[in-house]
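> The structure under discussion is supplied below as structure tokens; questions concerning it will follow.
The values are calculated or read from the model by the stated rules, or taken from the named source; none is laboratory data. None of the values given here were measured: they were computed from a predicted structure. Glycine gets a Cβ as well: all are built from the backbone with ideal geometry, and neighbour counts include every protein chain shown. The protein model used for the area step is the full one, side chains on, heavy atoms only, and it has no ligands, DNA or RNA in it. Shrake-Rupley method; radii C 1.70, N 1.55, O 1.52, S 1.80 Å.
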Amino acid sequence: AGGGERETEERVWPGINRKSEVPWLETVSFGGVCISLWPAAGPAEESNMLVFLALVSVALVTIAPQSQAIVIYTGWERHALVGSEVRLSCSFFSWRWTSEDVTFSWSYRPDGSRDSISIFHYTGGLPYLDNKGPFRDRLEFVGNPQRRDGSILIKNLDYSDNGTFTCDAKNPPDIVGRPSSVRLLVFDKLPVQAGVITGAIIGAVLGLLVLIVVIYYLMRFLVARRVFNLSVSKHGKKAKGKEGSQQRQPWRVPPLSFLSF
């Protein structure tokens, strides 16, 4: 090389072609795709190369799909009767559009047990039901994945179905999320829930307040009417008294002064 310029380097390995036509940059070609990798010499060239690599890294991070957290929702607790059916709802929130690769998974842990068993899985647009576990022939998928609904329906409930049901959902690339659980309690007769009792107490208190207000205004009306009647009666007696005094005055003979001659 002359005049401070370097000759073009060509190195050949199996499947890789390296070629450099820039004085401070080497290029690696994989199947026709060229990628500039590392400087060939000098501190100044190395500094320029580091800046170039930093810019490329930022561009790749910006373009590449990033995974974000997914939030899964289920109820807290469900009550049902023996022999009936119950719907266990599961939905999720994600910043991205619903993916075609969305998945739902349900697991079940009976009361008194530490181990959970898989009872349902939805993937690739198809539901896979439990055919050998405790819910065989009793579990049905009633959700709509495109609306982010992964609900299931359990039929012909029994006391042995008491336990915790956990739902997990993935909406690629959003796959990081905490599963949500709902507890199922099966009864022979549904108990009165605390919300019903609280509502009844609030309703009774409000009804009592309304009754007190009505009684208060009714008493004011009756008192005002009583005062009005007494006032009218008093004025009526005064008027009658004046009329009576005028009627009871004696008849006097007019003076006869006009008869004198």
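> Of all accessible surface on the range 97-198 at a 1.4 Å probe, what whole percent is carbon and sulfur? Walk me through the numbers on the way to the answer.
Working: 3070 of 6030 Å².
On the range 97-198, the fraction of accessible area on carbon and sulfur atoms equals 51 percent.
> Per residue, how much accessible area does the range 67-225 show when a 1.4 Å probe rolls over the protein heavy atoms, in square angstrom? Walk me through the numbers before you get to the answer.
On the way: 10280 Å² over 159 residues.
Ligands and nucleic acids excluded, the figure is 65 Å² per residue.
> Hey, can you grab everything whose amide H is under 5 Å from the amide H of G163? Only 5+ residues off in sequence or another chain; H modelled, so Pro and N-termini drop out.
Result for G163 returns D111, L184.
> Mind ordering 181-189, 214-222 by average Cβ neighbours within 10 Å, highest first?
Working: 181-189: 15.2, 214-222: 10.0.
The most tightly packed comes first, giving 181-189, 214-222.
> Highest first, please rank the peptides 75-86, 198-209 by the mean number of other Cβ atoms sitting within 10 Å of their residues.
In descending order of packing, they fall as 75-86, 198-209.
> Here is a further query. Could you state the orientation-averaged shadow area of the convex hull built on the Cα atoms of the range 83-149, in nm² to one decimal?
Details: hull surface 22.9 nm².
For the range 83-149, averaging the hull's shadow over all directions gives 5.7 nm².
> Among 121-128, 227-234, 162-169, what's the highest-first ranking by average C-beta atoms within 10 angstrom per residue? Kindly include the intermediate steps, with their values, before the conclusion.
Numbers: 121-128: 13.9, 227-234: 10.0, 162-169: 20.9.
So the order, starting with the most tightly packed, is 162-169, 121-128, 227-234.
> Hey, another quick one. Per Stokes-Einstein, at 20 °C and 1.002 mPa s, what whole-number D in µm² s⁻¹ belongs to the range 90-220, with the Kirkwood radius over Cα pairs as the hydrodynamic radius? Don't skip to the answer; put the middle values down first.
Values: Rh = 18.1 Å.
Result for D is 119 µm²/s.
> While we're looking at this one, here's another question. Which three extents, in angstrom, do the Cα atoms of the range 121-195 have along their principal axes, listed largest first?
In descending order, the Cα extents are 44, 32, 18 Å.
> Let me ask something additional. Under 5 Å between amide H atoms, partner at least 5 residues away or on a different chain: which partners does I119 have, H built in plane at 1.01 Å?
The list, which skips near neighbours in sequence, is W106, S107, Y108.
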